[in-house]
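The block underneath contains the structure these notes are about, expressed in C-alpha cells.
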Amino acid sequence: MYPPAEPSASGLLPVGEGQHIYWETSGNPRGKPAVFLHGGPGGGMGAGYRRRFDPERYWTVGFEQRGCGRSVPLATDPAHRLDLNTTGTLIADMEALREHLGIGRWLLQGVSWGTALALAYAQAHPGRVSELVLMAVAPTDARYVTWITETVGLLFPREWEAFVQAGGVRAGQRVVDAYRARLASPDPAVREAAALAWCRWEDTHISLDPGFEPGHTLAAASLEARQVFATLVTHYWAHAGFWSEGAPLSAMSRLAHIPGVLIQGRYDVSGPVGFAWALHRAWPGSDLILIDDEGHGGPRMVAAIREATDRFAAQVSPAGPPASPAARETPP
C-alpha cells in the first residue's frame, strides 16, 4: 500500500433533479487518470482506496454514488429520487464527472458492487475506458441476487432463518422484496429494524475464511449509514442491478480490446468464484487472479489490486493522452 494521501480537490457535482454527487481527486494531476468505484450499492468510500494508487503515476478520482456517503440528498431523504437511482443514471453520473474533470479515458478500479458498475460503464462507453481492475466480482444480475439472498442460506441456515423472520417474508415472496417494502415503511421503527437485520445478514456471508476479520461491520455502523445502505441494496437487487436479460456476459464482446484483471477470493461467498470465472471466459483480454485463502477482500487481495493497478501505470491509452492537466485540476 502507498502512504496515505489527502484529496487535492473535491466538490459536489449537480447531476439533475436536485441530486449532487461528492467527488475528490488525489495524486499527480499529470498522471494516468483512474476512478475508484465503491461497493454496496450505497457503501460509500473511505480514504483507504487512495493507497492502492501510486500517487506519482496516477491522478485518482473517487466519488460517492448518488444517494450515499457525502452525496446529497441521501437515499433515505424524501428529497432523493430513488426512482431515478439506477445503474443507467450512475453511468450518466460518471460521464458527467469525467467531462467535468476533462478526462479522456480512465482506468476503472472497482470492488464488489463497484465491479458491476465498472462493467456496465465499460460496456456503455468502451471508448472511455483504458483498463479495468476488479476485485471481489459481484455481477448483481438476477442469478446473483437469488444466490445472495436465498440460496446461500444453505450455508448459514440459522442466520438465514433469523433473516427471513426479521423481514416478515410471506410464503412465495422474495426476501429482497419483503425487505424493500419494510425499508419504505412509514414507521421509523420498522425501517430501523429492517436495516439492522439486513446488515447483520450482510456481515454473515462476507467470507468463509475462518481467519477473516472485517475492518468494520455494517451492523455496527450508524443508524443512518445502515438505512442508506439497506435501502439502496434492496432497491438495486429487487431490479437485478437494472441489467437486461443475459447481461453482463452477453455484452462482453464490447470489452474485447480492453485489458482487465479480475481478483477473486476462493472463500468468497458473497461473490463465488464461478461468477468471476464465467466473466473471465467471456473476456479473452482479462487475467484472473485467484487468492486461495481469502474471501470477499483481504490483505493479499488488496496487494493484488495494487499490483495490477501498478502494472497499467505506464501504459498509454490507444486514444492518446487525456485532457490537459490544467483542465483536469479545475474544481467546481
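List the number of the failed condition for Arg50; all other conditions in (1) more than 22 Å from Ala225 (Cβ to Cβ); (2) modelled with pLDDT of 95 or more; (3) of a type in the set (D, E, K, R) hold.
(1)
In the range 21-55, which residue that is of a type in the set (Gly, Ala, Ser) and in contact with a Cys (Cβ under 9 Å, 6 or more places away or on another chain) is farthest from Ser71 (Cα to Cα)?
Gly40
Would you mind finding the one in Asp83, Asp77, Asp93 that is assigned to a helix (DSSP H, G or I) and farther than 23 Å from Arg105 by Cβ?
Asp83
I'd like to know if the range 231-244 contains one or more residues that are more than 17 Å from the chain's Cα centre (by Cα), surrounded by fewer than 24 Cβ atoms within 10 Å (Cβ to Cβ), at negative phi and assigned to a loop (DSSP other than H, G, I, E, B).
yes
With respect to Glu159, is the statement that it is assigned to a strand (DSSP E or B) and in contact (Cβ under 8 Å) with a residue 12 or more places away in the chain true?
Answer is no for this residue.
Filter the range 196-215 down to the residues that are at pLDDT below 65 and more than 19 Å from the chain's Cα centre (by Cα), then identify the one that is surrounded by the fewest Cβ atoms within 10 Å (Cβ to Cβ).
Top of the filtered list is Glu213.
Inspect all residues belonging to the range 274-287 and state whether any of them is in a strand (DSSP E or B) and charged (D, E, K, R).
Yes, because at least one residue in the range 274-287 is in a strand (DSSP E or B) and charged (D, E, K, R).
Filter the range 100-133 for residues that are out of contact with any helix residue (DSSP H, G or I) (no Cβ under 9 Å at 6 or more places or on another chain) and not in a helix (DSSP H, G or I); which is surrounded by the most Cβ atoms within 10 Å (Cβ to Cβ)?
Ser112
For the range 142-195, which residues satisfy the criterion of being of a type in the set (Ser, Thr, Tyr) and either surrounded by fewer than 15 Cβ atoms within 10 Å (Cβ to Cβ) or farther than 17 Å from Ala75 by Cα (or both)?
Result: Tyr144, Thr146, Thr149, Thr151, Ser185.
Quick one: would you say Thr234 is of a type in the set (Val, Ile, Thr) and within 17 Å of Thr146 (Cβ to Cβ)?
yes
Output the residues belonging to the range 20-53 that are touching a helix residue (DSSP H, G or I) at 6+ places or on another chain (Cβ under 8 Å) and under 23 Å from Thr76 (Cβ atoms).
Passing the criteria: Ile21, Trp23, Leu37, His38, Gly39, Gly40, Pro41, Gly42, Gly43, Gly44.
Go through the range 272-295 and report how many residues are in contact with a Phe, Trp or Tyr (Cβ under 8 Å, 6 or more places away or on another chain) and closer than 25 Å to Leu155 by Cα.
5
The values are calculated or read from the model by the stated rules, or taken from the named source; none is laboratory data. Since the model is a prediction, treat every value here as computed from it, not as a measurement. FYI the Cβ positions are ideal-geometry reconstructions off the backbone, even for glycines, and counts take in every protein chain you see.
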